Amino acid sequence: MIVLERSVPLDRALKGMADDARATESSALIAVVDDEGRLCGVVADSDVRRHLAADGALTAPIGTVMRHDPIAFAVGTPLDAILRGLPSELARTAHRSRHLVDKVVLVDEDRIPRDVVDLRQLLEQRVAVNRHVVIIGLGYVGLTLALVMAELGFRVTGVDNDEGVVATLLEGRSHVHEQGLPDMLLRQLGKQFQPTTTMPEDGDVFIIAVGTPFPAGADAPDLSALEASCVMVAQRLRRGGLVILRSTVPVGTTRQVVAPLLAAGSGLEAGTGFHLAFAPERTVEGSALQELRTLPQLIGGLTLDSLESTAALLREVSPVIVRTSTPEVAELAKLTNNAYRDVTFAFANQVARIGGDHDVDAFEAIRAANQGYPRGQVPLPSPGVGGPCLTKDPLILAHSLAGTSAAGDLLSVGRAVNAQMPTRIAQQVVRALGRGGVDPAGARAVVSGLAFKGEPETGDLRDSPGVDVARSLQALGLTVVGTDEVAAPEGIEQLGIEAGRLPSALVGAHVLLVVNNHRSHQNLPLPAFAELMGDAPILFDGWGLYQARDVLAAGFACYLSYGVERWSSR
Ligand SMILES: NC(=O)c1ccc[n+]([C@@H]2O[C@H](COP(=O)([O-])OP(=O)(O)OC[C@H]3O[C@@H](n4cnc5c(N)ncnc54)[C@H](O)[C@@H]3O)[C@@H](O)[C@H]2O)c1
């Protein structure tokens, strides 16, 4: 999309139009904006011709060439509504022929241009909605996408080789905790959505969303599920079919791993015989359904046709498309998002560690650094960084670092800083117990908030720092009870941690550790909790949710946080 201000001279705009036409292999359209960035006109090839035919100058500002009152639709307008609304828009804006319009601008609520859509693509997209979509892998990513597409009217078959997953779904139960998902499943099961363990005979679009884990101690991600999926898809791929890779992968995987496997198994050439694109998932667990409909879809196609076929399909899911010039750019962009977050959290946790070494309150130091300062807000420390994505994507990105031993690079060091937090917290708690005269071997700890994050809430216990805190305490001899507002108690027990609930789990406990930021932790009845606990109770505050003085006033003997150990004087 080219967006230019009214004052830009036509000759400069023409260069942008030529580049755009080359990149999109269609006619160019400039969105012209006023001083506040709002759409006020458009310039298409025909407007330039009209201007030059009337002896207009090449140096004229595009504000004098543009067509006023352009056709624009709100970002998020469904495809059918755009196609239905076009004739009246054309009539209203006095276009003589609909052939003059082959692109329309999408604007946000402030009339800021966000995307330009090609009408040919929209018509192609109408065909796309009638296609049979096969999604391989029904985990968080595959299941949420499958049900959103089913709700949009696509016929979706979900294939998962885990019989338990498919059996649960066929009973109408979701194995994934995501707000709104169970209702969607009940609405679509047996209608637009069919879960199965075997590949269907036909399929127009194949979306691969299987796991790409980075096993502990390994030096490369495990792509075996991805490779097996490619072999399965290749057997069903027909000429003109579309394959979209959704899983997170090392840079180069779409072209070097996926394309050859699909080509070998199907006998078709990647890019000409079938379309192939990388379009990563970037939603956050807990708000996945909402974010799937709003986040920009990053797409890198093997060819321009692969890119546009994928854009036509995914535009139905989310209105804004970010096209990248190659699949590798999209692969790197996806990894960049998650690795950047992990590194910035590692920075905050490194500050926490320094605070601990010098008895300086790390929360206070970082809040002071951020206050009123306009550059680079530092995140706050936490008991570590968890979940299935942030714990492995930096390692996948580090693995993409050519010719370097991964161990010493920024990404792996950041990972290690975050991964050390749970052990350090357990050691800090044990030291405080000793100072309070309690033998850690006989002590009882309640670890509250075992899911890997509290906000947005999830019940996902995978790679959770809270679980690691509990395990580290167990290793140091404490009896540990784990609680969580969302995660199922059976899931906690399966990890070898006794599951309990607040407040009953606190009876006779020596320490309460708050290890995620679930909203239930905001207003805990601390005096009642201290009352239930054993003598000289300790509270570890992993998210800076409480003031030391309030905790001590509530009856706790000790407040612990990063760089803080404060004891009651009573
Ligand atoms: N969880 C997230 O929030 C998230 C967000 C963005 C990206 N991702 C990425 O998306 C991918 C999937 O993540 P996930 O969390 O949904 O994984 P997941 O482990 O929850 O689900 C993967 C599913 O694929 C199935 N599977 C594995 N091999 C298969 C095969 N050969 N055929 C059919 N099914 C197969 C598994 O049984 C499982 O149910 C990963 O690459 C991940 O990094 C995840």
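In contact with a Gly (Cβ under 7 Å, 6 or more places away or on another chain), at pLDDT 85 or above and either over 30 Å from Leu302 (Cβ atoms) or surrounded by 13 or more Cβ atoms within 10 Å (Cβ to Cβ) (or both): does that describe Ile62? Criteria not met by Ile62.
Restricting attention to region 267-310, the residues that are in contact with a helix residue (DSSP H, G or I) (Cβ under 7 Å, 6 or more places away or on another chain), surrounded by 21 or more Cβ atoms within 10 Å (Cβ to Cβ) and more than 30 Å from Glu455 (Cα to Cα) total 9.
Evaluated against (1) closer than 30 Å to Ser412 by Cβ; (2) in contact (Cβ under 8 Å) with a residue 24 or more places away in the chain; (3) within 11 Å of the ligand (Cβ to nearest atom), Asp219 falls short on exactly one condition, (3). The residues in region 153-173 that are within 12 Å of the ligand (Cβ to nearest atom), surrounded by fewer than 19 Cβ atoms within 10 Å (Cβ to Cβ) and not in a helix (DSSP H, G or I) can be counted, and the count is 2. The residue pairs whose first member lies in region 442-460 and is more than 16 Å from Pro489 (Cα to Cα) and away from the ligand (no atom under 16 Å from the Cβ), whose second member is of a type outside the set (D, E, K, R) and part of a loop (DSSP other than H, G, I, E, B), and whose beta carbons are closer than 6 Å, counting only pairs six or more residues apart or on different chains, are Ala443/Leu478; Ala443/His510; Arg444/Ala509; Arg444/His510; Ala445/Leu478. Residues that are among the basic types (Lys, Arg), touching a residue at least 40 places away in the same chain (Cβ under 8 Å) and within 15 Å of the ligand (Cβ to nearest atom): does region 321-339 have at least one? Scanning region 321-339 turns up at least one residue that is among the basic types (Lys, Arg), touching a residue at least 40 places away in the same chain (Cβ under 8 Å) and within 15 Å of the ligand (Cβ to nearest atom).
On the stretch given as region 184-210, residues that are within 13 Å of the ligand (Cβ to nearest atom) and either among the basic types (Lys, Arg) or buried (at least 19 other Cβ atoms within 10 Å of the Cβ) (or both) total 6. Contact map, region 354-370: residues that are polar (S, T, N, Q) paired with residues that are exposed (fewer than 15 other Cβ atoms within 10 Å of the Cβ), Cβ distance under 6 Å, separation 6+ or inter-chain. Pairs shown: Asn370/Gln377. The numbered conditions (1) among the acidic types (Asp, Glu); (2) surrounded by 19 or more Cβ atoms within 10 Å (Cβ to Cβ); (3) not in a loop (DSSP other than H, G, I, E, B) are all true for Asp460 except (3). The residue that is surrounded by the most Cβ atoms within 10 Å (Cβ to Cβ), counting only those in region 510-547 that are of a type in the set (Gly, Ala, Ser) and in contact with a helix residue (DSSP H, G or I) (Cβ under 8 Å, 6 or more places away or on another chain), is Gly542.
The rows are residues; the columns are (1) more than 15 Å from Val134 (Cβ to Cβ); (2) under 21 Å from the mean Cα position of the chain (by Cα); (3) within 16 Å of the ligand (Cβ to nearest atom).
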{"residue": "Val231", "(1), (2), (3)": "no, no, yes"}
{"residue": "Gln235", "(1), (2), (3)": "no, no, yes"}
{"residue": "Thr253", "(1), (2), (3)": "yes, yes, yes"}
{"residue": "Pro260", "(1), (2), (3)": "yes, no, no"}
{"residue": "Arg282", "(1), (2), (3)": "yes, yes, yes"}
{"residue": "Leu289", "(1), (2), (3)": "yes, yes, yes"}
{"residue": "Ile299", "(1), (2), (3)": "yes, yes, yes"}
{"residue": "Ser306", "(1), (2), (3)": "yes, no, no"}
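Note on region 1-83: enclosed strands (runs of 3 or more DSSP E) holding 2 or more residues that are in contact with a Pro (Cβ under 6 Å, 6 or more places away or on another chain) are 39-44. Scanning region 211-251 for residues that are surrounded by fewer than 16 Cβ atoms within 10 Å (Cβ to Cβ) and not in a helix (DSSP H, G or I) turns up Pro215, Ala216, Gly217, Ala218, Asp219, Ala220, Asp222, Arg238, Arg239, Gly240. Applying the condition of being touching a residue at least 60 places away in the same chain (Cβ under 8 Å) and among the aliphatic types (A, V, I, L, M) to region 371-410 and asking which residue is nearest to the ligand (Cβ to nearest atom) yields Ile396.
Would you be able to say whether some residue in region 93-108 is in contact with a Phe, Trp or Tyr (Cβ under 7 Å, 6 or more places away or on another chain) and modelled with pLDDT of 90 or more? Within region 93-108, one or more residues are in contact with a Phe, Trp or Tyr (Cβ under 7 Å, 6 or more places away or on another chain) and modelled with pLDDT of 90 or more.
The values are calculated or read from the model by the stated rules, or taken from the named source; none is laboratory data. No experiment lies behind these values; they were computed from the predicted model shown. Note that each Cβ is placed from the backbone with ideal geometry, even for glycine, and that neighbours are counted across all protein chains shown.
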